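The values are calculated or read from the model by the stated rules, or taken from the named source; none is laboratory data. None of the values given here were measured: they were computed from a predicted structure. All Cβ positions, even for glycine, are placed from backbone atoms using ideal geometry, and neighbour counts span all protein chains on display.
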Amino acid sequence: MLRNQTFGFVFQQFFMIPNATVLDNVALPLAIAGVGRRERNARGMEVLAQVELADKAANRATALSGGQKQRMVIARALANRPRVIFADEPTGNLDSATGAVVTDLLFTLNALEGITLVIVTHDEELAARCDSRCAITDGSLAAGSTTNVPMAVRRPATVSA
Amino acid sequence: MNLGEIIRTATANTFRSRLRTTLTVLAIFVGAFTLSLTNGVGTGITAYIDTQVSRMGAGDVMIINKVAPGTVDMFGGSSEGPTVHDPDRVSALSSDGMRIQVLTDADLANLLTIDGITQVEPFVSVMTDFISRGSGAKYDFTVNPGGAGLNLDIVAGRPLREDDGPVLLLPVSFLAALDFANPEAAVGASVAIGVTDVLGNVHVTAADIVGVQEATLFGAGAIISESLKSALHDQQSTGMPEGYRDVYTTASAHFEATPGTSGEDAVKTALRAAGYNGTTLQDQLGVVTTVINAVVGVLNAFGIIALIAAGFGIINTLLMSVQERTREIGLMKSLGMSRRRLFALFSSEAIFIGFLGSALGVVAAVVVGGIVSAYVANGPLAGLAGLRIIAFDPIAILAVIGLVMALAFIAGTLPAARAARLDPIDALRYE
């Protein structure tokens, strides 16, 4: 329930159901939560519009390009209105131009919808845009962790690790 | 995910790998087809026997014969050693040389004194030689010892009545030989029946045909009226020494008890105490039914073996499916799908495959069974009117489908449990 209702996940390798439509993929967390088909489709279209993929709703998920796939995955993460989105190398599989689009999308969500982002990345530029960062070397916290904005502010934060 | 959603998803998933699903369904199809067909044979034959039994009329009739004291062995002795000879006990040799005990008029009177026995009629056996019509050829002819009690398929005319004079029912097989164009033409016609007495003289008696009968499972030969039978018996007994004339191997008796209850057993016990053995038609058929059930049981076992083999096919198919969809399962788990629901999802896939195979198998069995029954009824077994060799009982059909689905569920538990147990992190990492 925690994973389904509170968290959204964005994976580097996308992980989708290959022969299902884009809409069905996006609505998967809702289906698992037991939401009815009509409401599922409505919410699915809503989040697809948010990531500008509404026109691809009926396409097969595998037919999308890399950037579109990542946006679809973000839409899936958004479907259940999560409070936190965990993104594992969200730009790792994308070229820099598409990567920028996806990153902008994530930070817009943080700014406008108040969703906390936890991003795992090797990309220094992406890490620099986050409020706090923890450097991890071989599984343990290393020196060089910074907090750009004091945690006391308690606004939805972006953290990179 | 609610149950409806799980079933919908599972159904859709089974069609994702069409060839694999088709092959598994085919294996189940073969098992379900065999099982339905063998079941159908059992149902068909049992139904036929039941109809024949109900034609035999009253269930409250026993066939009674006399038993020798002690258990008679092959040499006429018993387990207590040789039996002391009793000159008053009349016995006869049966055709295979065994000594059998016969009933005399004194026995018949004695039987009536037994509690529960209301009416006793000896089986008068008549050995007829021939039947002929006018100056036409003579044909070998046998009489059914069962007599008027049988309710037969009457093709034309009417069944026998108790007050009938010397009349008979002609079996359909004699129509052409006796030069009758159709069954209706035979009704009312007169035929001659010949018997030979012990001295070798041939007696010919005229009899009228009142009806035409279909062949039956019980007893070959024609059914003749009691008055004709006693007339023929008297002619046949001409020249026999006194004391050998009125002996009977068996008699039929009506009893006052509900058939199949302890009342019936009480009558049998009383008979046994008096030295007689009573068997109802149900007892005699019990042997036949047991044999048929055993044969059908063995055939069913083959069907079940095929289904068990198909069950391994289901396990294999689903294990491959779980393997292939490991990352998808990991995704679903990471999105909050519970173990129970994942188990239900894969189990539903197994049950759906079972349903597909069994439904197709049962439908095919009904179609093939119908064709085979029609062919057999018009061909090799045309003589047994009303026989449907393969009949289908809706409850048995549903039971087959239910059994296969249950089997499929059991086969699906292993792969489903494997899917449910997967760790989401490992599953997502799986290449």
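Quick notes on this one:
- Checking each residue in the range B:1-52 for being among the hydroxyl-bearing types (Ser, Thr, Tyr) and closer than 30 Å to B:Gly336 by Cβ picks out B:Thr9, B:Thr11, B:Thr14, B:Ser17, B:Thr21.
Each row is one residue, and each column tells you yes or no for (1) away from chain A (no Cβ under 14 Å); (2) over 28 Å from the mean Cα position of the chain (by Cα); (3) surrounded by 14 or more Cβ atoms within 10 Å (Cβ to Cβ); (4) in a helix (DSSP H, G or I).
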{"site": "B:Gln284", "(1), (2), (3), (4)": "yes, no, no, yes"}
{"site": "B:Val296", "(1), (2), (3), (4)": "yes, no, yes, yes"}
{"site": "B:Leu299", "(1), (2), (3), (4)": "yes, no, yes, yes"}
{"site": "B:Gly303", "(1), (2), (3), (4)": "yes, no, yes, yes"}
{"site": "B:Ala306", "(1), (2), (3), (4)": "yes, no, yes, yes"}
{"site": "B:Gly311", "(1), (2), (3), (4)": "yes, yes, yes, yes"}
{"site": "B:Leu319", "(1), (2), (3), (4)": "yes, yes, yes, yes"}
{"site": "B:Ile329", "(1), (2), (3), (4)": "no, yes, yes, yes"}
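- Qualifying residue in the range A:101-119 (condition: assigned to a strand (DSSP E or B), over 18 Å from A:Gln50 (Cβ atoms) and not aromatic (Phe, Trp, Tyr)): yes
- Qualifying residue in the range A:20-40 (condition: in contact with a Ser or Thr (Cβ under 7 Å, 6 or more places away or on another chain), away from chain B (no Cβ under 13 Å) and modelled with pLDDT of 85 or more): no
- Residue within the range A:128-149 that is within 30 Å of A:Ile32 (Cα to Cα) and modelled with pLDDT under 85 present: no
- In the range B:4-34, the qualifying residues are those that are touching a Leu at 6+ places or on another chain (Cβ under 7 Å) and at pLDDT below 90, and the one that is nearest to B:Ala306 (Cα to Cα) is B:Ala10.
- Test: residue in the range B:378-393 that is touching a helix residue (DSSP H, G or I) at 6+ places or on another chain (Cβ under 6 Å), in the same structural domain as B:Asn300 (by TED's automatic domain parsing), under 16 Å from B:Leu35 (Cβ atoms) and small (Gly, Ala, Ser): yes
- The one condition in (1) over 20 Å from B:Gly31 (Cα atoms); (2) crowded, with 20+ Cβ neighbours inside 10 Å that B:Tyr375 fails to fulfil: (2)
- Residue in the range B:192-200 that is assigned to a loop (DSSP other than H, G, I, E, B), closer than 28 Å to B:Asn65 by Cβ and not hydroxyl-bearing (Ser, Thr, Tyr) present: yes
- With respect to the conditions (1) within 9 Å of another protein chain (Cβ to nearest Cβ); (2) closer than 26 Å to B:Leu3 by Cβ; (3) at pLDDT below 85, A:Arg81 falls short on a single one, namely (1).
- B:Thr9 assigned to a helix (DSSP H, G or I) and more than 14 Å from every other protein chain (Cβ to nearest Cβ): no
- Criterion (in contact (Cβ under 8 Å) with a residue 60 or more places away in the chain, more than 9 Å from chain B (Cβ to nearest Cβ) and within 25 Å of B:Leu428 (Cα to Cα)) met by exactly one of A:Gln12, A:Gln5: A:Gln12
- Of all residues in the range B:122-144, those being modelled with pLDDT under 80, buried (at least 17 other Cβ atoms within 10 Å of the Cβ) and not hydrophobic (A, V, I, L, M, F, W, C) number 2.
- Flag set for B:Ile401, criterion: of a type in the set (Val, Ile, Thr) and in a helix (DSSP H, G or I).
- Test result for A:Arg76, in contact with a helix residue (DSSP H, G or I) (Cβ under 7 Å, 6 or more places away or on another chain), in contact (Cβ under 8 Å) with a residue 40 or more places away in the chain, under 25 Å from B:Ala12 (Cα atoms) and charged (D, E, K, R): yes
- Helices (runs of 4 or more DSSP H) fully within the range A:1-65 that include at least 2 residues being among the small types (Gly, Ala, Ser) and over 25 Å from A:Val101 (Cα atoms): A:28-33.
- With respect to (1) in a helix (DSSP H, G or I); (2) without any contact (Cβ under 8 Å) to a residue 12 or more places away in the chain; (3) more than 24 Å from the chain's Cα centre (by Cα), the lone exception for B:Gly336 is condition (1).
- Checked against the criterion of being surrounded by fewer than 20 Cβ atoms within 10 Å (Cβ to Cβ) and either part of a helix (DSSP H, G or I) or in the same structural domain as B:Phe312 (by TED's automatic domain parsing) (or both), the candidates B:Ala406, B:Ala416 yield just one match: B:Ala406.
- Any hit, the range B:54-76, residues being modelled with pLDDT under 85, surrounded by fewer than 17 Cβ atoms within 10 Å (Cβ to Cβ), assigned to a helix (DSSP H, G or I) and away from every other protein chain (no Cβ under 14 Å): yes
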